[in-house]
Amino acid sequence: MPSPERKTRLDTLAIASLVLCCFLWGLNQVAAKVAIAEVPPLAQAALRSLGGAALVFLWARWRGIALFARDGSLGGGLVSGLLFAAEFGCIFVGLQYTTASRMAVFIYISPFVVALGMPFISAAEKLKPLQMAGLLIAFAGVAWGFAEGFTQPAAGELQWLGDALGVAAGVLWGATTLAIRGSRLAAASAEKTLLYQLAISGAALALAAALSAQPWAPTLSALTWASLVFQVVVVTFASYLLWFWLVRHYPATRLASFTLLTPVFGLLLGALLLGEPITPRLVIALAAVSGGIVLVNRN
């Protein structure tokens, strides 16, 4: 029987919050792609995590939220933080080789991971045959779009590598959601859950950036500064805080499947703001992924 705090369906507040998050995450891929020209990918990923961690810490202190009380969540926090670091390492490195539009599509393989793993954590979130069919259709769309990286690489000969890193990031995102729901973090505050991920991933990514020793641009443009501020304040702090609150209060499988809206925004924003090509194969992949949302969220 679900706890009084956890709802069994997505209400209007959840849906509105998810649409806002999806738009911001789709725009995030564009912002990250823009800044990569001047800030190395691993350094950029480390900056957003460390900056976001500082904001979450200040926010929690201001609201009087306990962050360091012993509640048995350390193990889950370490696992989710390292998964988070690996996820964003894949995203930012992958953006060097593929377009922001394609990255936004491939990251959202994560709902398949969540849907397959959640029945082992919560029997109440087991998918029905129609919902599983929706995930299979969406997965077929991702595979169809991925194949284009080998035959018609619009972003260069290594587009397949960027696409593969996007898929890996999606798997890691799904694993992170499962780690949260399957550990003591499921009962922790959204602020504590997010701080674990940002602080641990920030340290890990900063170490990786130092070891890679990739050079920065001598000076950063106003556009790059705007991109970094947007990623740290709006995406990493505000939208992720909202996301982890949603994960705590609503069914993880339905939340994860609904985030497949993000590729729609990512595709459109990549074309509008960066002039990236929208190929027929990618549109078909996106249509299949979006169709999967409808089926997975049916009763």
Legend entry - Criterion violated by Ala190 - all others in (1) buried (at least 17 other Cβ atoms within 10 Å of the Cβ); (2) modelled with pLDDT of 85 or more; (3) touching a Leu at 6+ places or on another chain (Cβ under 8 Å) satisfied: (2)
Inset, instruction - Can you run down the residue pairs with Cβ atoms below 7 Å, 6 or more apart or on separate chains, where the first is in segment 220-249 and among the basic types (Lys, Arg) and assigned to a helix (DSSP H, G or I) and the partner is surrounded by 20 or more Cβ atoms within 10 Å (Cβ to Cβ) and at pLDDT below 95? - result: Arg248/Ala190
Inset, instruction - Taking only segment 39-81 into account, find how many residues are in a helix (DSSP H, G or I) and among the charged types (D, E, K, R). - result: 3
Legend entry - Residue within segment 62-79 that is closer than 19 Å to Ala208 by Cβ and at pLDDT 85 or above present: yes
Inset, instruction - Identify all residues within segment 260-288 that are part of a loop (DSSP other than H, G, I, E, B) and in contact with an Asp or Glu (Cβ under 7 Å, 6 or more places away or on another chain); write none if there are none. - result: Thr279
Legend entry - Condition broken by Leu78, with the remaining ones in (1) buried (at least 21 other Cβ atoms within 10 Å of the Cβ); (2) among the aliphatic types (A, V, I, L, M); (3) within 26 Å of Leu207 (Cβ to Cβ) satisfied: (1)
Legend entry - Residue under evaluation Gly202, criteria (1) in contact with an Asp or Glu (Cβ under 7 Å, 6 or more places away or on another chain); (2) crowded, with 21+ Cβ neighbours inside 10 Å, criterion not met: (1)
Legend entry - Qualifying positions in segment 99-129 - part of a helix (DSSP H, G or I) and within 12 Å of Thr177 (Cβ to Cβ): Ser110, Pro111, Phe112, Val113, Val114, Ala115, Leu116, Gly117, Met118, Glu125
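The values are calculated or read from the model by the stated rules, or taken from the named source; none is laboratory data. Since we're looking at a predicted model, the values are computed, not measured. Glycine gets a Cβ as well: all are built from the backbone with ideal geometry, and neighbour counts include every protein chain shown.
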